[in-house]
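Take a look at the structure below.
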Amino acid sequence: MNNESRVLDMARHFHSQTDPRLHEHHGPLTIVAGEGATVTDDAGNRYIEGMGGLWCASLGFSDSRLADAADRQMRKLAVYHTFNHRSNEPTVELVEQLTALAPFDNARVFLVGSGSEANDTMVKLAWYYQAARRRPEKRKIISRFGAFHGSTIMGAALSGLSHMHKSFNLPPLPVIFAARPFHYLDSLPGEAEHDYATRLAQELEALILAEGPETIAAMIAEPVMGAGGVLVPPENYFPKVQAVLRKYDILMLSDEVVCGFGRTGNWFGSQTFGMEPDMLSVAKGLSSGHLPIGGVIISDKVYQCVADEAHKVGVFGHGFTYSGHPVTAAVAAEAIRIYREIDLV
């Protein structure tokens with residue numbers, strides 16, 4: 001980056017998750033190229049990019065097959081939408097691939113543009129599902145301290161990180177927080193992992209009873225908490241949590257934006273840690289981060305209820321311009337093909 005561009009970035013670019021006043025003085029680290037696991041800055045320094053961008057680049061940076069997939073599709077059908085019964089070939093292929101990977105039978109896929117949109121969509125679907133069952137009072141969403149679920153208004157509300165709330169004056173939203181699962185720091189002296197997991201499940205049940213089970217729609221959880229510290233859950237944590245949720249008719253939403261597509265040794269982190277979600281969100285590794293795309297994989301139980309209600313209304317009134325975008329779908333479909341070919345999982 002030449003000096004003029006650097007000055008412009010410092011003066012005009014409002015960066016994500018950055019102290020703007022510091023940026024006005026220090027400026028950016030400008031990355032100009034990437035290959036494999038490394039990126040190169042504008043001074044020629046090469047770095048091993050241990051986070052893969054933001055936990056995105058599962059196939060490394062600038063994968064040629066993904067670039068070719070984008071080029072082919074852009075020259076054939078560069079943009080279209082999926083509103084009002086429209087579709088396109090790459091979207092259908094991607095949906096077929098995702099439903100084949102889903103950890104439940106007869107899954108449906110709703111495509112979006114980001115992980116934040118995917119988590120927002122899961123919450124809206126949980127509300128829709130409960131309202132369709134004539135339980136509209138079931139609106140509260142349980143999240144956990146330390147969680148990160150996105151930067152939209154609902155994504156930030158779901159995130160149990162103080163800087164996501166401070167000074168934003170977020171409106172009151174029906175989100176309540178349970179304890180994070182962090183045995184290393186938060187367990188009692190001498191408390192074994194399985195005992196710690198049992199205690200967290202008991203504390204969750206006490207929270208549900210205090211709030212009123214009839215007011216709670218769902219719980220959202222990352223299989224491994226990402227931005228909150230990369231916290232691996234203790235032994236049998238999720239099966240014990242799941243038993244509590246089932247007891248009180250509360251949906252389980254798995255945020256797989258970071259953990260999906262092989263990162264924990266299975267296609268989804270929920271499979272690794274014994275979660276049985278009703279819905280799960282995906283993004284990041286879905287396209288190896290090469291183009292922005294996300295989605296929600298929906299269980300048949302939730303879909304059938306939502307579809308019946310939407311039929312009564314006359315339309316499912318939710319969606320985004322870039323839901324099922326043909327170029328991003330083509331790249332994501334190619335990424336999944338590569339994951340299978342190299343046996344990434």
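Please go through segment 41-68 and give me each residue that is under 24 Å from the mean Cα position of the chain (by Cα) and at negative phi, ordered by number. Selection gives 49, 50, 51, 54, 56, 57, 58, 59, 61, 63, 66, 67. Listed by first and then second residue, the pairs linking a residue in segment 210-225 that is β-branched (Val, Ile, Thr) to a residue that is assigned to a helix (DSSP H, G or I) and open to solvent by less than 20 Å² (accessible area, probe 1.4 Å), with Cβ atoms under 8 Å apart and 6 or more places separating them unless they lie on different chains, are 216/208; 220/119; 220/122; 220/123; 220/158; 224/269. Is it the case that some residue within segment 74-85 is at pLDDT below 95 and either exposed (fewer than 12 other Cβ atoms within 10 Å of the Cβ) or not aliphatic (A, V, I, L, M) (or both)? No, the conditions are met nowhere in segment 74-85.
Taking every residue in segment 118-143 that is without any contact (Cβ under 8 Å) to a residue 12 or more places away in the chain and pairing it with any residue that is among the polar types (S, T, N, Q), at least 6 positions away or on another chain, the pairs with Cβ-Cβ distances below 9 Å are 136/130.
Taken across segment 109-123, residues that are open to solvent by 70 Å² or more (accessible area, probe 1.4 Å) and not in a helix (DSSP H, G or I) do not occur at all. Counting only helices (runs of 4 or more DSSP H) wholly contained in segment 45-105, the ones carrying 1 or more residues that are in contact (Cβ under 8 Å) with a residue 12 or more places away in the chain and among the hydroxyl-bearing types (Ser, Thr, Tyr) occupy 89-101. For segment 12-49, what are the residues that are open to solvent by less than 80 Å² (accessible area, probe 1.4 Å) and among the small types (Gly, Ala, Ser)? Within segment 12-49, 27, 33, 34, 36, 37, 43, 44 qualify.
The values are calculated or read from the model by the stated rules, or taken from the named source; none is laboratory data. Since the model is a prediction, treat every value here as computed from it, not as a measurement. FYI the Cβ positions are ideal-geometry reconstructions off the backbone, even for glycines, and counts take in every protein chain you see. Note: accessible area is taken over every heavy atom of the protein model, side chains too, but ligands, DNA and RNA are not part of it. Shrake-Rupley method; radii C 1.70, N 1.55, O 1.52, S 1.80 Å.
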